[in-house]
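The values are calculated or read from the model by the stated rules, or taken from the named source; none is laboratory data. Please read these numbers as outputs of a predicted model, since none were measured by experiment. Glycine also receives a Cβ, built like all others from the backbone with ideal geometry; neighbour counts cover every protein chain displayed. Only protein heavy atoms, including side chains, enter the accessible area calculation; ligands, DNA and RNA are left aside. Shrake-Rupley method; radii C 1.70, N 1.55, O 1.52, S 1.80 Å.
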Amino acid sequence: MRTSIATVCLSGTLEEKMRACAAAGFDGIEIFEQDLLVSPHSPEDIRALAASLGLSLDLYQPFRDFEGVSEDLLEANLYRAEAKFSLMNRLGADTMLVCSNVATASIDDDGVAASQLRRLGEVAAGYGIRLAYEALAWGRYVNDYEHAQRIVDLADHPNVGTCLDSFHILSRGADPSGIEKIPAEKIFFVQLADAPELSLDVLSWSRHYRVFPGEGAFDLTAFMVHLVRSGYNGPVSLEVFNDVFRQTSEDRTAVDAMRSLIWLEERTSVRLAEQNQLSGNDAGSRRYPMDLATLPAVAEPTGFNFAEVLAEDPGDVEGMLFQLGFSCVGTHRTKPVRLWSAGGARVIINQQQARGLAPAISALGLDVQDPPAAASRAVQLKAQPVSRRSQADEAVLQAVSAPDSTEIFLCEATGDGTVAWAEEFGSDGVVEGEPLITHIDHINLSQPWQHFDEAVLFYESTLSLVPRASQEVPSPMGLVRSQVMCSSDGAVRLALNIAPMALEQSGSHGGPEYPQHVAFGCSDVVALARQARQRGLDFLPVPDNYYEDLQARFRLDAALLENLQSLNLLYDRDEDGEFLHFYTATVGNVFFEVVERRSRYDGYGAPNAPVRLASQYQRVRSGSRDGAS
Ligand SMILES: O=C(O)c1ccc(O)c(O)c1
Ligand SMILES: [Mg+2]
């Protein structure tokens, strides 16, 4: 599949955008006219730059408000078009996007629109240029791709074809299966964009909220399946108007964009094979002109192998682990790194390269079936491989860096509770006795607001974690958007939170910049909390108002309520079961949670999240670990 991207997707100058597209691995680009108009470089310079970067100039766009106009206006429009055709000849671009008229059309007649497009096609032919006619979802008379196609058919000129844009088609709820009926040679160009579900006028939705495939709610895989079946084999181009992408690093956005397209290509190939099998076609013998690349298929992760906290001075964090019932299993034989363990939960405390750093979650390990295949898939999806110094005889660990810079280690699942690498700590990683903590239940990673969509796409495409419904949690610093990403059996759960901006700024007055946490699963949270209290654990305090409300909502047994309140435990209940949990104080940028899931409770105590955020905020404000409790 030939990949392309519109320059309008990215921030920066035209030159910066082009370099970012090339570095991310795109085959070509669409030049958005505005980017050229404001550039100090001549069309010839841009042509030469594209050639030196190995980028084809697949499209020049947009040409607006052409068809359905009076004869006077048509003359002016043809004059305007001819200027663009000669410009395109200088650029070396041979396809121009003509979008349906939104402003100046006065004649609602397909015959008129078609004959005017035909005249434009005749002029274009003289310049060797093809016109791709696109129905904008808010076009005056033409806003539907099948309507645009009827006009292209009527125009009946070899230089006049269609541009399909998934946003305009899917935002209006149109059925994309009609794409298969369009002759492939009449599809001159294809643009892809996804979008979140929003109730908004379609123009504002399109201009501000488009996202890359896989980051929104549209079924772009189905769209692509119809496109492949049509026989189309031209560029598949991303055209994403997004307020955030336009103001953040173009290099980073281009990589996010490329990841979305590689992943879409894979899912399309898988969906096509499934559908061919269902309909009795032999998938292998069924050939379409478009070649679809695949990725190493990997099974979803089966559990957390470890969490790692980086800290220059880890005393407080290790103290909390001890208070929670963890034991120090050993120190690494060559590095200032210790392994702490309780049941199947392992926490690595790493003092290497931690100078000046407050404690923070730096890495997590996932159990996977085939670590090299999982790492190779992630790297093909543009994840940065992580290299860590290791001795010749140490286990080779596969790892990649997530967009939030957490390092994700892909570890071999052993199934018996041991881990091979623990040997380097002089142990098999299992501690004596029966700790109440059994495993890592979930890990919560704060995400800078501008990289949230990228993070969700990353974790879903590279690790096969599936997003659950997202939540909005009120906090004193603003609304916190929370997105859980989960393996299907819940063995791996990541909770991604947008860090509100106020929290970012709180770093300047000594508070946590992006506090993140590890939640441990436990078999008896009341007993564990009692033991932790005896050992002097600093619990996150919970206000009395919370317990009054809890009683009003759940009519708890008096003894349970007393237990909860005296131990700073939080509580939730739904049709599936009950959830009891507590939080520790925050040290640097990290804190811990302990949870007990009763029956089949599958959530995270969402109604309690505002209580936690407010209590943490109180502590940051009061500037002491004792807070206002
Ligand atoms: O929003 C617009 O005007 C616009 C312009 C060109 C396109 O290809 C498009 O999909 C939208
Ligand atoms: Mg478009």
Exercise. Does at least one position in segment 298-310 carry a residue that is surrounded by fewer than 16 Cβ atoms within 10 Å (Cβ to Cβ) and in contact (Cβ under 8 Å) with a residue 60 or more places away in the chain?
Worked result: yes
Seminar exercise, completed: When every residue in segment 522-545 that is aliphatic (A, V, I, L, M) and within 21 Å of VAL587 (Cα to Cα) is compared, the one surrounded by the most Cβ atoms within 10 Å (Cβ to Cβ) is ALA529
Exercise. Restricted to segment 462-474, and to residues that are of a type in the set (Val, Ile, Thr) and open to solvent by less than 60 Å² (accessible area, probe 1.4 Å), which residue is modelled with the highest pLDDT?
Worked result: THR462
For this session: Sort through LEU97, LEU117 and tell me the only one that's within 16 Å of ligand 1 (Cβ to nearest atom) and open to solvent by less than 40 Å² (accessible area, probe 1.4 Å).
Result: LEU97
For this session: Mind listing whichever residues of segment 144-167 are more than 12 Å from VAL98 (Cβ to Cβ) and either out of contact with any strand residue (DSSP E or B) (no Cβ under 7 Å at 6 or more places or on another chain) or away from ligand 1 (no atom under 12 Å from the Cβ) (or both)?
Result: ASP144, GLU146, HIS147, GLN149, ARG150, ASP153, LEU154, ASP156, HIS157, PRO158, PHE167
Problem set entry | segment 330-349, residues that are among the polar types (S, T, N, Q), part of a strand (DSSP E or B) and open to solvent by 10 Å² or more (accessible area, probe 1.4 Å) | THR331
For this session: Might you check whether a residue that is within 16 Å of ligand 2 (Cβ to nearest atom) and not acidic (Asp, Glu) occurs anywhere in segment 247-260?
Result: yes
Problem set entry | Checklist (1) buried (at least 21 other Cβ atoms within 10 Å of the Cβ); (2) not in a helix (DSSP H, G or I) applied to SER106, failing item | (1)
Problem set entry | helices (runs of 4 or more DSSP H) (entirely within segment 511-629) containing at least 3 residues that are over 22 Å from LEU445 (Cα atoms) | 525-534, 544-554, 558-566
Exercise. Does any residue in segment 210-231 that is touching a residue at least 60 places away in the same chain (Cβ under 8 Å) and closer than 19 Å to VAL8 by Cβ come within less than 8 Å, Cβ to Cβ, of a residue that is of a type in the set (Val, Ile, Thr) and surrounded by fewer than 23 Cβ atoms within 10 Å (Cβ to Cβ) six or more places away or on a different chain, and which pairs are these?
Worked result: GLU215/VAL456
Exercise. Counting just the residues of segment 177-193 that are touching a residue at least 60 places away in the same chain (Cβ under 8 Å) and within 16 Å of VAL8 (Cβ to Cβ), which one comes out nearest to ligand 1 (Cβ to nearest atom)?
Worked result: GLN191
Seminar exercise, completed: Of the residues in segment 426-461 that are of a type in the set (Val, Ile, Thr) and closer than 21 Å to ARG481 by Cβ, the one that is most open to solvent (accessible area, probe 1.4 Å) is VAL456
For this session: Check segment 66-88 and report whether any residue there is touching a helix residue (DSSP H, G or I) at 6+ places or on another chain (Cβ under 6 Å) and within 16 Å of ligand 2 (Cβ to nearest atom).
Result: yes
Exercise. Is there a residue being touching a helix residue (DSSP H, G or I) at 6+ places or on another chain (Cβ under 8 Å) and more than 30 Å from ALA383 (Cα to Cα) anywhere in segment 215-229?
Worked result: yes
Problem set entry | Residue that is closer than 26 Å to PRO196 by Cα, of a type in the set (A, V, I, L, M) and either modelled with pLDDT of 95 or more or not assigned by TED's automatic domain parsing to the domain that holds VAL400 (or both), where the choices are MET477, MET485 | MET485
Seminar exercise, completed: Exactly one of LEU87, LEU57 is in contact with a Lys or Arg (Cβ under 8 Å, 6 or more places away or on another chain) and either crowded, with 17+ Cβ neighbours inside 10 Å or part of a helix (DSSP H, G or I) (or both), and that one is LEU57
Exercise. When only residues in segment 416-471 that are touching a Gly at 6+ places or on another chain (Cβ under 6 Å) and hydroxyl-bearing (Ser, Thr, Tyr) count, which is farthest from THR331 (Cα to Cα)?
Worked result: THR438
Problem set entry | segment 55-79 residues that are away from ligand 1 (no atom under 16 Å from the Cβ), paired with ones that are at pLDDT 95 or above and in a helix (DSSP H, G or I) (beta carbon under 6 Å, 6 or more apart) | LEU55/ALA22; GLY68/ALA113; LEU74/GLN116
Seminar exercise, completed: The number of residues in segment 11-36 that are buried (at least 17 other Cβ atoms within 10 Å of the Cβ) and either away from ligand 1 (no atom under 16 Å from the Cβ) or farther than 16 Å from LEU59 by Cα (or both) is 12
Seminar exercise, completed: Residue hits (segment 129-141; open to solvent by less than 50 Å² (accessible area, probe 1.4 Å), part of a loop (DSSP other than H, G, I, E, B) and either closer than 18 Å to GLU185 by Cβ or away from ligand 2 (no atom under 16 Å from the Cβ) (or both)) are ILE129
Exercise. Taking the condition within 16 Å of ligand 1 (Cβ to nearest atom), buried (at least 18 other Cβ atoms within 10 Å of the Cβ) and under 31 Å from the mean Cα position of the chain (by Cα), does GLU265 pass?
Worked result: no
Exercise. What number of residues within segment 196-220 are within 19 Å of ARG172 (Cβ to Cβ), more than 12 Å from ligand 1 (Cβ to nearest atom) and open to solvent by less than 50 Å² (accessible area, probe 1.4 Å)?
Worked result: 6
Exercise. Looking only at segment 222-248, which residues are within 14 Å of ligand 1 (Cβ to nearest atom) and aromatic (Phe, Trp, Tyr)?
Worked result: PHE241
